[in-house]
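For reference, the structure I am asking about is given below.
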Amino acid sequence: MSVVLTVDDSPSMRELVKSTLLRAGFEVRQAEDGASALDIARRESFDLVLADVNMPNMDGISLIRALRAEPNYRHTPILMLTTESLPERKREGKAAGATGWIVKPFDPDQLVATLHRVLR
């Protein structure tokens, strides 16, 4: 079973993502911002990180950079799940080390299919 860390400052979005992933058989841990996600990621191991871009304390792009600096997360898939769809933000995410970019609102089946594809 793959373990996913989901990061979003919106409690309702965290719950929606969590329920979607649990139904698909993933194990899920949650964080409300990049700073708490980084703290959790340093203590635990995850197969994939799914993070929002716009969050307080540490945004998603900064989280990617920090995770990529950690030896355990150099090759871990990191997907952005965000309302941000501007090409320059996507380029910034890719430059920081994002594996992929999913725009909200998301289709639950498509999200699960993307995670399975990236984890193969």
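Give me Rg over Rh for region 51-100, both radii from the alpha carbons and Rh done the Kirkwood way, two decimal places.
Dividing the radius of gyration by the Kirkwood radius yields 0.94.
Report, as a whole number in µm² per second, the diffusion coefficient that Stokes-Einstein gives for the chain at 20 °C and 1.002 mPa s using the Kirkwood radius over alpha carbon pairs.
154
Can you give the helix-only mean residue ellipticity at 222 nm for the chain, where every DSSP H stretch with n ≥ 4 adds -39500 (n - 2.57) and the sum goes over all residues, rounded to the nearest 500 deg cm²/dmol?
-13500 deg cm²/dmol
Search the structure for amide H atoms under 5 Å from the amide H of ALA51, placed 1.01 Å from N in the peptide plane, and list their residues when 5 or more places away or on another chain.
Placed amide hydrogens put VAL7, LEU79, MET80, LEU81 under 5 Å from ALA51.
All of the numbers you see were taken from the coordinates with simple rules; none came from a lab. Since the structure is predicted, the reported quantities are computational estimates derived from the model, not experimental observations.
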